[in-house]
Amino acid sequence: MADLLQRVAVEAKRDPSRVEPVLRAILGELPQVSPTLRRVSHSVNDAGRLTALAEFTDAALTTRQALERLPTITTPQGIHRLRKIGRLLGRTIGNATYWPSWQFGDVGLRKDLEKLLAALRRYVGDDEIAADRVMRLPRTELGGRSLAEVLDGDAADSAWVMLDTLGGGF
């Protein structure tokens, strides 16, 4: 340990800017973020957000497609009302609204949608993109399938256990 401290002391004399952030982090202080690091991190975050948004819109239903699955709702205003009262997730991007397809059955909404949305909201709040990602992310525990893929099949019980414990809750 003494050798390590000696090496740190030598490096600190040679280039304090390399050693100080590490020592501050060890002590639990928030590191100073350089403008370059800030730009790079924003760029990476922006790229990730754009990818997640593209994946969301590619897999989601448009309002017209969603209405085709809802025989009792015939207008865009009707489906948007379901969203407003929290019975359906959708995200408006530009002039279009996208609805995660896993919310729908062949006809109508999933019978368990209220319970499903409650589980997701405990974990991601009202973030439609995050909820969609949770539902469509392939999981090793489900043989590489997603929660959305197995909820109506042979691994539905496992999927519900996972949904009920999202975020570490029980």
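The values are calculated or read from the model by the stated rules, or taken from the named source; none is laboratory data. Everything quoted here is computed from the prediction, not taken from an experiment. Because the Cβ atoms are built from the backbone with ideal geometry, glycine has one as well, and the counts that use them run over all protein chains shown.
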Any residue in the range 33-41 that is hydroxyl-bearing (Ser, Thr, Tyr), modelled with pLDDT of 75 or more, in a helix (DSSP H, G or I) and out of contact with any His (no Cβ under 6 Å at 6 or more places or on another chain)?
no
Result of the Cβ filter at 6 Å on the range 148-170, keeping first residues that are closer than 16 Å to Asp132 by Cα and partners that are at pLDDT 85 or above and of a type in the set (Lys, Arg), at least 6 apart or interchain, is Ala148/Arg136
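Out of the residues in the range 99-118 meeting the condition of being on the phi < 0 side of the Ramachandran plot and in a loop (DSSP other than H, G, I, E, B), tell me which one is surrounded by the fewest Cβ atoms within 10 Å (Cβ to Cβ).
If we filter the range 99-118 for residues that are on the phi < 0 side of the Ramachandran plot, which is where we start, we get 99-107, 109-118.
Next cut, in a loop (DSSP other than H, G, I, E, B) only: 100, 105-107, 110-112.
On the way: Pro100: 24, Gly105: 13, Asp106: 5, Val107: 10, Arg110: 15, Lys111: 10, Asp112: 15.
Per the criteria, the residue is Asp106.
For (1) buried (at least 17 other Cβ atoms within 10 Å of the Cβ); (2) touching a helix residue (DSSP H, G or I) at 6+ places or on another chain (Cβ under 8 Å); (3) assigned to a loop (DSSP other than H, G, I, E, B); (4) at pLDDT 95 or above, each residue gets a yes or a no:
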position	(1), (2), (3), (4)
Thr72	no, no, yes, no
Arg81	no, no, no, yes
Thr97	yes, yes, no, yes
Leu120	yes, yes, no, yes
Glu141	no, yes, no, no
Ala159	yes, yes, no, no
Leu163	yes, yes, no, no
Note on Gly48: of the conditions (1) of a type outside the set (A, V, I, L, M, F, W, C); (2) loosely packed, with under 10 Cβ neighbours inside 10 Å; (3) closer than 27 Å to Leu116 by Cβ; (4) at pLDDT below 85, unmet is (2)
Those residues of the range 122-139 which are of a type in the set (Gly, Ala, Ser) and either surrounded by 15 or more Cβ atoms within 10 Å (Cβ to Cβ) or under 19 Å from Leu61 (Cα atoms) (or both) amount to Ala130, Ala131
Looking across the range 47-66 at residues that are assigned to a helix (DSSP H, G or I) and aliphatic (A, V, I, L, M), the single one that is farthest from Arg83 (Cα to Cα) is Ala47
